[in-house]
């Protein structure tokens, strides 16, 4: 088996294994009222068996060339990943710190979800950040880490191991999808913001002040679902390209169907983009319509069920609205030039080249990328318009290999060199600046976590607690559900939190009738900050003795 087919088998088996483990955990958690160590072990064993069968079912793939530039980019990708993820969450004295400032809010939410799932909550669970609403979030990556936690792997270690494994798979998938150029497109995407180096004289994350930020720093490190969704989406696109436009058997359709149908539980944005690719392929590539119709038809019901789950039964306020210009300011031309630089004119050139006289596979992927990118420029798909980047990243990665093969590679060496520098200089400087030793931010103090754990030792499992709504509150980081969490999380998830948040402030300030207000918010306990903190249990149903709860049911 050659190196290319080994990479294909590694991707297919690993992704299917994670997919099967998470899927079986969802089924077991729903059928048996929540997860425990035995069920977590059974889910991981299911994933291992599925990975083994997938490895044996994937035939040798076409050999991809390995050149010096690919080796260089693989080394850069490996170094960036090691720096970002070995310091994802690390101890310094009494503190838990993280490397990335972008990750303060995101990682704290993921830690809460992981411990919440590991606590045995029944599936599909209620939201741990707001009372009375279902959880509306793609939980796949966090559910995977909860399985590791239940099987005895410490949370901090499980986070790092998962991130490094996801980086390995992503690197392989990027190399197979588009080689060195596509790896660079992911690591170094940027516009002209890096020109500020001539003002500052120092290397910084220059893209932090613009909207099209460094994708590695702001997406890959913070959006844990991408650790699975990126390699899986790239694997699917590469397999579809081979099956629909190439020759040979390729990856079996059932494997591809399983990965595609379960994508919503890891990333709804990846699922939407992949669906756009299939739709454009159906329209533009007539010979594949029958097989695509059968493929999508088989995946429709399970995919729809998972979309229903991660959107809280289609109840989430999506923030979908008409927003022409995306996040542009009062200088629209300057906005697009500074953010995207050469990427936009080169991609427009590519689109013209492809649709004038280009290969069929390029028409499908460039067409889907163009539709999704243009939609993201005119429609906001979330309350925070910047979240459109979760779709834009797929459009950029989809066109990258064709941009190189059909536009840049035929150019003379000098022009090609200048184009690559223009495309990637800003992102390269931002990546270096974002990973340097000046960073390191306190997430929480270990002593604060210990004090909270002691204060909560008499609180029943699963009790919902009223706490100060900050992203790194120890109650959240210990995995307890709260009545109203951090407003940044609530707003970006489209949850109706304003009235509960206002009422919560009265509870925490112990205004008159605060206990009744807390009960009305669904609280089982109230956590008051202090040294030591004080937790007051409320006379909720959850806190009543078991025999009294049984009597209440009879009454």
Study note, to complete from the structure: Simple SL model, points at 7 angstrom along Cα→Cβ for residue 66 and residue 344; separation in nm is 4.0
Review point. For the peptides 30-41, 338-349, what is the packing order when you average, over each peptide's residues, the other Cβ atoms within 10 Å and list the highest mean first?
Key: 338-349, 30-41
Study note, to complete from the structure: Listing 411, 356 by rising number of other beta-carbon atoms within 10 angstrom, fewest first, gives 356, 411
Exercise for review: Note the angle between two axes, namely the Cα long axis of helix 155-188 and the longest principal axis of the Cα atoms of the chain, as a number of degrees from 0 to 90, rounded to the nearest 10.
Suggested key: 20
Practice item. With everything on Cα atoms, drop me the angle between helix 389-403 and the longest principal axis of the chain, reported from 0 to 90° to the nearest 10. Key: 20
Review point. Between the helical axis of 226-245 and the dominant principal axis of the chain, each derived from Cα atoms, what acute angle in degrees is found, rounded to the nearest 10?
Key: 40
Practice item. For the range 446-554, calculate the relative contact order in percent as a whole number, restricting contacts to Cα pairs under 8 Å that are 6 or more residues apart. Key: 28
Revision key, fill the gap. With a ≥ b ≥ c from the Cα gyration tensor eigenvalues, square-rooted, and the rule rounded for a/c under 1.5, otherwise prolate when a/b > b/c and oblate otherwise, the range 335-397 is oblate
Study note, to complete from the structure: On each of the three principal axes the extent of the alpha-carbon atoms of the range 119-192, given in whole Å and largest first, is 46, 31, 21
Exercise for review: Starting from one equal scatterer on each C-alpha and no solvent at all, send me the Debye-based log10 I(q)/I(0) for the range 77-172 at q = 0.17 Å⁻¹, two decimals.
Suggested key: -0.82
Check your understanding: How big is the range 392-540 in terms of Cα radius of gyration and Dmax, in angstroms?
Key -> 24.8, 77
Practice item. For a quick protection proxy, order the peptides 473-481, 114-122 by their average other-Cβ count within 10 Å, most packed first. Key: 473-481, 114-122
Check your understanding: What is the spin-label model distance, in nm, from residue 198 to residue 457 if the labels are put 7 Å beyond Cα along the C-beta direction?
Key -> 6.4
Review point. Relative to the present Cα-Cα distance, how much length would full extension add between residue 378 and residue 253 at 0.36 nm per residue of separation?
Key: 41.5 nm
Check your understanding: Could you work out the helix-only [θ] at 222 nm for the chain, with each DSSP H run of four or more residues adding -39,500 (n - 2.57) and the total divided by the number of residues, to the nearest 500 deg cm²/dmol?
Key -> -19500 deg cm²/dmol
Exercise for review: Go ahead and collect, in residue order, the members of the range 133-176 whose backbone nitrogen is under 15 Å from a label point 7 Å along the Cα-Cβ direction of residue 30.
Suggested key: 135-140
Point to revise | the range 57-105 shape via C-alpha gyration tensor axes, a/c threshold 1.5 | key: prolate
Practice item. Tell me the label-point distance for the pair residue 468, residue 529, using the 7 Å Cα-to-Cβ offset, in nm and rounded to one decimal. Key: 0.1
Point to revise | Relative contact order [Cα under 8 Å, 6+ residues apart], the range 66-434, whole percent | key: 24
Check your understanding: Short version: what are the Cα gyration tensor semi-axes of the range 32-131, square root of 5 times each eigenvalue, largest first, in whole Å?
Key -> 33, 27, 12
**Study point:** Relative contact order (%) - criterion: Cα under 8 Å, at least six apart; region: the range 366-477
**Key:** 19
Check your understanding: With the Cα gyration tensor of the chain giving a ≥ b ≥ c as the square roots of its eigenvalues, does the rule (a/c under 1.5 for rounded; else a/b larger than b/c for prolate; else oblate) give rounded, prolate or oblate?
Key -> prolate
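Read the figures in this text as sums done on the coordinates, not as results from a lab. What you see is a predicted model; the values in this text were computed from it and never measured. Cβ: placed from backbone, ideal geometry, glycine included. Neighbour counts: every protein chain shown.
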